[in-house]
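To start, the structure under review is shown below, and the notes come after it.
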Amino acid sequence: MKKGIRLLAVLAAAFFLLGGCGTQLYEMTKEEEELVVQAAAYMLSKYNIYQKDGMNSAQPKEEEEIAVPESTQPEDGGTQDASGSESGQPVSGEESPGESDTKPLQEISLAEAIGYKDSLSVSYDGFSLMDIYREGSFFSLSAERGNTFAVMKFTIHNRTDKDIEIDNFDKGYAFYCSFEGAQRIPEKESFIADSLASFEGKIAAGESAGAVLIFEISKEQAELVSEPSLSMEHNGTDYSVTL
């Protein structure tokens with residue numbers, strides 16, 4: 001269903017761009033044009049059965065999906081994880097009204113941040129600066145003039161003895177990066193298949209897959225950056241992510 005929605009979005013964009021019959025054409029912004037081009041490239045490459053390099057090839061859904069247990073609530077008012085927390089939901093503690101402005105953000109691991117605390121481990125492998133990010137040999141993303149990309153790299157490892165199908169495209173995970181205490185920078189909007197925030201694909205038992213988070217910064221700032229700090233927002237709650 002989600003893939004159909006994305007395809008519908010691309011077709012709708014094409015309709016507005018190419019439609020005739022005397023109707024005034026819809027003028028897209030530069031950002032909208034960029035996303036439409038990325039979406040078209042994503043759909044063409046992902047479902048091309050002869051292209052195996054880069055983005056994930058389409059695979060049928062497993063008939064038996066991962067169980068989605070719900071969190072349990074102890075009597076003392078604290079929060080407790082269910083035994084199998086493959087629910088796609090990060091851990092969240094309760095807070096009283098007015099406390100969010102004073103207490104520090106709750107810290108969670110990278111695996112918790114993408115909703116697979118008990119089955120996956122996610123390691124941070126450092127970051128690189130680049131003006132153009134290439135995914136495989138068929139898709140690239142270019143920074144705006146005067147900017148560059150800070151690309152954070154990760155390895156997702158399946159710690160279980162069963163294959164795990166990950167589908168985080170519409171979970172709403174929003175990642176932010178800060179360099180040397182600077183204002184939070186949101187992840188670059190794109191349709192790359194290996195984004196940690198919206199990762200889709202099957203990871204076999206005991207196997208690993210690579211993922212990235214891309215942040216666009218000015219080249220002046222890039223000359224001063226050191227190791228970044230990472231945070232995320234999900235369902236209106238902010239978290240500090242441990243690297």
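Please specify each residue of the stretch 123-152 satisfying the condition of being under 24 Å from N168 (Cα atoms), among the hydrophobic types (A, V, I, L, M, F, W, C) and surrounded by 19 or more Cβ atoms within 10 Å (Cβ to Cβ).
F127, F139, L141, F149, A150, M152
Among the candidates S218, S226, S198, S190, which residue alone is touching a helix residue (DSSP H, G or I) at 6+ places or on another chain (Cβ under 9 Å), at pLDDT below 95 and polar (S, T, N, Q)?
Working: S218 fails: touching a helix residue (DSSP H, G or I) at 6+ places or on another chain (Cβ under 9 Å); S226 fails: touching a helix residue (DSSP H, G or I) at 6+ places or on another chain (Cβ under 9 Å); S198 fails: touching a helix residue (DSSP H, G or I) at 6+ places or on another chain (Cβ under 9 Å).
Answer to the check: S190.
Please state which one of T102, T155 is surrounded by fewer than 19 Cβ atoms within 10 Å (Cβ to Cβ), at pLDDT below 90 and of a type in the set (S, T, Y).
Going through T102, T155 in turn, the sole match is T102.
Return the residues of the stretch 107-122 that are out of contact with any Gly (no Cβ under 9 Å at 6 or more places or on another chain) and open to solvent by less than 50 Å² (accessible area, probe 1.4 Å); say none if nothing qualifies.
Across the stretch 107-122, the qualifying residues are I108, S109, L110, A111, E112, A113, L120, S121, V122.
Here are the criteria: (1) among the aromatic types (F, W, Y); (2) under 13 Å from A113 (Cβ atoms); (3) in contact with an Asp or Glu (Cβ under 6 Å, 6 or more places away or on another chain). Tell me which single one F199 does not satisfy.
If we test F199 against (1) among the aromatic types (F, W, Y); (2) under 13 Å from A113 (Cβ atoms); (3) in contact with an Asp or Glu (Cβ under 6 Å, 6 or more places away or on another chain), just (3) comes out false.
Taking the condition of being touching an Asp or Glu at 6+ places or on another chain (Cβ under 6 Å), small (G, A, S) and over 14 Å from E135 (Cα atoms), how many residues in the stretch 202-218 meet it?
2
The values are calculated or read from the model by the stated rules, or taken from the named source; none is laboratory data. Computed from a predicted structure; not experimentally measured. Heads up, the Cβs are rebuilt from the backbone with ideal geometry, glycines too, and the neighbour counts pull from every protein chain shown. The protein model used for the area step is the full one, side chains on, heavy atoms only, and it has no ligands, DNA or RNA in it. Shrake-Rupley method; radii C 1.70, N 1.55, O 1.52, S 1.80 Å.
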